[in-house]
1. Amide H to amide H under 5 Å from I102: which residues, 5+ apart in sequence or cross-chain, H placed 1.01 Å off N in plane?
2. What would the Debye equation give as log₁₀ I(q)/I(0) for the stretch 38-106 at q = 0.12, 0.14, 0.22, 0.29 Å⁻¹, counting only Cα atoms as equal point scatterers?
3. Amide H to amide H under 5 Å from V81: which residues, 5+ apart in sequence or cross-chain, H placed 1.01 Å off N in plane?
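Nothing in this text is a laboratory measurement; each read-out follows from the coordinates by a stated rule. Treat the numbers as computed from the prediction; the structure is a model and nothing was measured.
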Amino acid sequence: MFHETENLYNAGQLAVPQVSTIMFLLLLLCSFCSNAQTVKGWVSSKGQPVTGASIKVKGAATSAASDSSGSFTIEAPAASVLEISHVSYLKKEVPVNGQTSINIELEPMAANLDEVVVVGYGTQKK
């Protein structure tokens, strides 16, 4: 058995210790690439919680929604950007920057809903 390993090494093929070293380095590299962390936060507007806001990791399929108290939890890489959106508010992007707790303040959309009256068959201005 020893002679076979020695012959493989002499023939220019990788020996077992070299293969295990390469495997270890690849696993170490993968752990640095996927440094996802749990990010918790609160979505609010004018001090009030925003229920049902969509929180998404930009460029990824990971997403979450804020609960009735405005709280959310999402797995995101430390260097990623969170996209927060809601029907009634302007979309906002927030960099994670390694933070594990992020409070987000959304700005309401500028719409004068007081000037529109909804009627059963259409809309009409006051």
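1. Residues meeting the amide H criterion: K40, G41, W42.
2. Reported log10 I(q)/I(0), two decimals: -0.24, -0.33, -0.85, -1.46.
3. Those qualifying (amide H under 5 Å, at least 5 residues apart or on another chain) are K58, V96.
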